[in-house]
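Structure first, commentary second.
The values are calculated or read from the model by the stated rules, or taken from the named source; none is laboratory data. What you see is a predicted model, and the numbers here were worked out from it, not measured in a lab. Using ideal geometry, Cβ is built from the backbone for each residue, glycine included, and neighbour counts are taken over all protein chains shown.
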């Protein structure tokens, strides 16, 4: 982030010196990026535009990474390789919560606060995919109308595309592109259901859970299951008649957290009431995140976590590639269907079907 070290409100000043993690992309020969019906643009030039903060080029680069077209994917990886040395200099924050907790409202107010402090904020909103079009259903740009207009903000709704836990498989790479474009804070919003929380926990530095007061018993099991992943519990909508109850709820959560294993070694998870409508507690949330980062940097946990996350990502990508290659072979799906039918007809056990299937590979 050229010149940001000397700016008083830059992340490099406030959160000084996050290290690039070089998230393990292999060497790729440089290619030309071809704009449809326009002149070619070199990877060097495209990289330079992104590093200079062009939101247009950043959006196009993300589209390349998300593309299913082989040449687009290859070009996207080449571009990402070019930008790797400029990544890692952000604080990565995951945000989840039960449906109705007000995640998008909180992110808009929190994002605006950070933008007004001089930070560049990227929001990667993981939307459920439409079963018909495969695209995002929720459309966060329409849900964050004020934040999307801020010159320091970049919002990218990303369809889950049917991937495990509802997290788009390119979210990690999108995050790296945003860092290369100079974004100081990366906010990743999950759908708030299923295994997405665990997966996002594995790609961020700080994980935040939004909860409500008076939530029904049917939600309590879900909250208990993810409380141990959280570095901060935000009791949201702490305004009006609900303000007093929210403070009481936050205190109760603090007592519960003492009996749970902390999500991050060396850090005690906190709970606090916040109102996005009345702008209460927003500044305090950022103070907690800064304190968290400083604590982990001092202990060495920050870099260890990122290295561990990169290794996990690598092994996950191996599994994904094996599955893609398996089903990518001609007639493989028909073979699987055939063995499925034989299992259902009682002609083969599952183990026998697997042995027969792989003996044909």
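Yes or no: residue 108 under 23 Å from residue 197 (Cα atoms), buried (at least 20 other Cβ atoms within 10 Å of the Cβ) and in contact (Cβ under 8 Å) with a residue 24 or more places away in the chain?
yes
Based on what the data block shows, is residue 295 surrounded by 15 or more Cβ atoms within 10 Å (Cβ to Cβ), in the same structural domain as residue 337 (by TED's automatic domain parsing), over 24 Å from residue 103 (Cα atoms) and within 23 Å of the chain's Cα centre (by Cα)?
The answer is no for residue 295.
Scan the stretch 90-105 residue by residue and report those that are under 16 Å from the mean Cα position of the chain (by Cα) and crowded, with 21+ Cβ neighbours inside 10 Å.
Hits for the stretch 90-105 are 90, 91, 92, 93, 94, 95, 96, 97, 103.
Kindly provide the set of residues from the stretch 36-58 that are at pLDDT 90 or above and in contact with a strand residue (DSSP E or B) (Cβ under 7 Å, 6 or more places away or on another chain), ordered by number. Full working, then the answer.
Step one: list which residues in the stretch 36-58 are at pLDDT 90 or above, which gives 43-58.
Within the stretch 36-58, 43, 46, 55, 58 qualify.
List the helices (runs of 4 or more DSSP H) inside the stretch 260-361, counting only whole elements, that have at least 3 residues being closer than 20 Å to residue 201 by Cβ and without any contact (Cβ under 8 Å) to a residue 60 or more places away in the chain.
Because the criterion is at least 3 residues that are closer than 20 Å to residue 201 by Cβ and without any contact (Cβ under 8 Å) to a residue 60 or more places away in the chain, the helices (runs of 4 or more DSSP H) in the stretch 260-361 that meet it are 282-299, 301-328.
Could you say which residue among 114, 58, 65 is more than 30 Å from residue 276 (Cα to Cα) and either in contact (Cβ under 8 Å) with a residue 60 or more places away in the chain or outside any helix (DSSP H, G or I) (or both)?
Answer to the selection: 65.
Quick one: is residue 292 in contact with a strand residue (DSSP E or B) (Cβ under 6 Å, 6 or more places away or on another chain) and under 28 Å from residue 169 (Cα atoms)?
In short, yes.
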